[in-house]
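Accompanying notes for the structure given below.
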Amino acid sequence: MRWIIKLDEGLATLSIFCGWVACAAMILMAGNVFYDVVARYAFNEVSIGMQEMEWHLYSVVFLLGIPYALRTDGHVRVDVFYTRWRDKTKAWVNIVGAAIFVIPFAYLIWNYGYNFAVESYSMGEGSGDPGGLPHRWVIKSVIPISAVFTGIAGFNMVTFAIRVIAGDKTYEPKHGAEGLA
């Protein structure tokens, strides 16, 4: 049982790292939007590159927020039923859900996302807009990276559920940033 605890905690650390990266990207995105608005309305300056950076950072927030949401139970589910179930029932639902949905879905996204990013890199793809960001493959690479971390988070759902079934952990609702601590 000790090895499953260490594995579970190690996998959780990776998902929490994704949460920190998503949080940092959100702060950078807020600063970027603030700069863009001030530059546009106060100085009548428009930067296509800064506008594109907004959706690049939003993509990082969204894609790397997924593994964190899976780890902290911040994702959408049918809580009308789930909250009334015992912890062991929840654990079995999470094991089946991770094995049937999360991990295979992460593999598919990784497979297609990897090819998508490699093709973009091979073409030397950049922004189609003048003044836009070069190296579009960089943001496209976040897709397969996110899929890997999502698969790890799915596997982490399984290891945590095993700990719940063994009586080592319970499913407690997490609110705010306490999952980051």
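The values are calculated or read from the model by the stated rules, or taken from the named source; none is laboratory data. Owing to the predicted nature of the structure, the values given are computational and were not obtained by experimental measurement. Reconstructed Cβ throughout: ideal geometry from the backbone, glycine too, with neighbour counts over all protein chains shown.
Key figures for this structure:
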quantity: Hits in the range 1-53 (condition: over 30 Å from Ala166 (Cα atoms), in contact with a helix residue (DSSP H, G or I) (Cβ under 6 Å, 6 or more places away or on another chain) and crowded, with 17+ Cβ neighbours inside 10 Å); calculated: Val21, Ala22, Ala25, Met29, Asn32, Asp36, Met50, Met53
quantity: Selection count where residues are closer than 12 Å to Val102 by Cβ and modelled with pLDDT under 85, scope the range 64-76; calculated: 1
quantity: Within the range 116-133, tally of residues that are among the polar types (S, T, N, Q) and either without any contact (Cβ under 8 Å) to a residue 40 or more places away in the chain or over 10 Å from Glu52 (Cβ atoms) (or both); calculated: 2
quantity: Condition met for Tyr107 (closer than 24 Å to Trp20 by Cα, touching a residue at least 40 places away in the same chain (Cβ under 8 Å) and in a helix (DSSP H, G or I)); calculated: yes
quantity: Sole residue being assigned to a helix (DSSP H, G or I) and more than 14 Å from Gly154 (Cα to Cα), chosen from Trp85, Trp55, Trp92; calculated: Trp55
quantity: Failed condition for Gly151, given (1) part of a helix (DSSP H, G or I); (2) of a type outside the set (A, V, I, L, M); (3) farther than 15 Å from Tyr68 by Cβ; calculated: (3)
